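To start, the structure itself, in structure tokens.
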Amino acid sequence: MLNIKGRPAVVVGGGKIACRRTIGLLKAGAKVTVISPDIQEQMNDLWNENRVDWVQKKFEADDLHGAFIVIAATNSKEVNLSVAENAGVNQLVNIVDEPELSTFHVPATLTRGDLTISVATGGASPTLSRIIRSELEEKYDNSYVGYLDFLATVRGKLKQVSMDESMKIHYLIEITNESFQKSEEKQREFLEFLEGI
Ligand SMILES: C[C@@]1(CC(=O)O)C2=NC(=C\c3[nH]c(c(CCC(=O)O)c3CC(=O)O)Cc3[nH]c(c(CC(=O)O)c3CCC(=O)O)/C=C3\N/C(=C\2)[C@@H](CCC(=O)O)[C@]3(C)CC(=O)O)/[C@H]1CCC(=O)O
Ligand SMILES: NC(=O)c1ccc[n+]([C@@H]2O[C@H](COP(=O)([O-])OP(=O)(O)OC[C@H]3O[C@@H](n4cnc5c(N)ncnc54)[C@H](O)[C@@H]3O)[C@@H](O)[C@H]2O)c1
């Protein structure tokens, strides 16, 4: 997983797919500039909220200057191809209609706090990726946000206490047991137990 916090990203196109990519980039903390003669409603909201910059124009090669990540998401194959051709060798590029020209791909992703689950099919069926992601959404429900906090807290404390390494591993495995996953009470009891060590 890349850390793109604060990194500049250029999204070419202002339609539905450009907006989906932009939201993903914003969640990851990138600074997004959109290049497009027009933008759809949701993108317009992001622009009004100052969450993205929008340069209202058709794509030109210079627009990619300084970008760490480049997304080509227009409805024109020629324009998307031109974005791919003009990207530098050190820029990460995603061309939404030409996987072969992309240097990275975007999976269907589910996040629950610190938990990230991504599904990809190597381009065979993005629809299957979406369906599997939806199935996982039910199994890994919102209770995992708190559960991940619990796991991180315990791991942080175990790193600090002086205890036999094999015992630490034992506890790290123990807390991933299903009985802990859904029981906040068990999580609390375990934290109390740790405080007493
Ligand atoms: C998972 C997801 C993430 C996201 O995009 O955010 C995603 N596509 C999604 C949906 C989706 N995409 C398409 C349909 C219509 C049905 C169909 O065509 O099958 C649907 C279904 C729908 O919308 O429900 C059309 C489509 N997609 C690609 C092409 C070009 C090609 O295949 O050549 C075309 C034809 C375009 C055209 O006709 O011009 C290519 C890619 N799509 C990828 C990702 C990458 C491979 C991921 C993988 O291997 O699974 C890759 C390679 C792009 C990349 O490089 O990143 C997202 C689900 C999000 C979610 O709900 O979570
Ligand atoms: N990867 C995927 O998951 C996926 C899924 C569906 C579709 N697609 C592909 O994505 C493309 C875009 O889909 P969409 O639904 O977002 O289309 P859309 O029609 O909603 O949006 C296209 C955008 O591109 C902009 N544009 C056109 N010419 C431009 C130029 N010269 N410079 C800058 N911007 C320009 C338009 O102004 C518009 O904002 C589709 O054509 C399709 O090939 C990919």
Inset, instruction - Give me a count of the residues in region 10-34 that are touching a helix residue (DSSP H, G or I) at 6+ places or on another chain (Cβ under 7 Å) and more than 19 Å from Asn75 (Cα to Cα). - result: 1
Legend entry - Test: residue in region 77-99 that is part of a helix (DSSP H, G or I), in contact with a His (Cβ under 7 Å, 6 or more places away or on another chain) and near ligand 1 (Cβ under 10 Å from one of its atoms): yes
Inset, instruction - May I ask you to list the residues in region 46-74 that are closer than 19 Å to Ala28 by Cβ and polar (S, T, N, Q)? - result: Asn50
Legend entry - Count of region 92-107 residues which are surrounded by fewer than 18 Cβ atoms within 10 Å (Cβ to Cβ) and away from ligand 2 (no atom under 12 Å from the Cβ): 5
Inset, instruction - Considering only region 67-81, state which residues are within 8 Å of ligand 2 (Cβ to nearest atom) and surrounded by fewer than 20 Cβ atoms within 10 Å (Cβ to Cβ). - result: Asn75, Ser76, Lys77, Val79
Inset, instruction - Test each condition in (1) more than 16 Å from the chain's Cα centre (by Cα); (2) within 13 Å of ligand 2 (Cβ to nearest atom) for Gly122 and report the one that comes out false. - result: (2)
Inset, instruction - Would you mention how many residues in region 100-130 are in a loop (DSSP other than H, G, I, E, B) and charged (D, E, K, R)? - result: 1
Legend entry - Single match in Leu148, Leu110, Leu172, Leu136 (criterion: modelled with pLDDT of 95 or more, surrounded by 12 or more Cβ atoms within 10 Å (Cβ to Cβ), away from ligand 1 (no atom under 15 Å from the Cβ) and within 18 Å of the chain's Cα centre (by Cα)): Leu148
Inset, instruction - State which residue is farthest from Leu25 (Cα to Cα) when the search covers only region 113-132 and only residues that are in contact with a helix residue (DSSP H, G or I) (Cβ under 7 Å, 6 or more places away or on another chain) and surrounded by 13 or more Cβ atoms within 10 Å (Cβ to Cβ). - result: Thr121
Inset, instruction - Check whether at least one residue in region 182-194 is in contact with a helix residue (DSSP H, G or I) (Cβ under 9 Å, 6 or more places away or on another chain), within 16 Å of Leu115 (Cα to Cα) and at pLDDT below 95, and report yes or no. - result: yes
Inset, instruction - Keeping to region 154-197, report how many residues are under 18 Å from Asp141 (Cβ atoms) and part of a helix (DSSP H, G or I). - result: 8
Legend entry - Extreme residue, surrounded by the most Cβ atoms within 10 Å (Cβ to Cβ), among residues of region 1-42 that are near ligand 2 (Cβ under 6 Å from one of its atoms) and assigned to a strand (DSSP E or B): Val12
Inset, instruction - Name, by its number, the condition in (1) more than 12 Å from ligand 2 (Cβ to nearest atom); (2) in a loop (DSSP other than H, G, I, E, B); (3) touching a helix residue (DSSP H, G or I) at 6+ places or on another chain (Cβ under 8 Å) that does not hold for Leu46. - result: (2)
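The values are calculated or read from the model by the stated rules, or taken from the named source; none is laboratory data. Because the structure is predicted, anything quoted here is derived from the model rather than measured. When we count neighbours, we look across all protein chains shown, and the Cβ atoms used for this are built from the backbone with ideal geometry, even at glycine.
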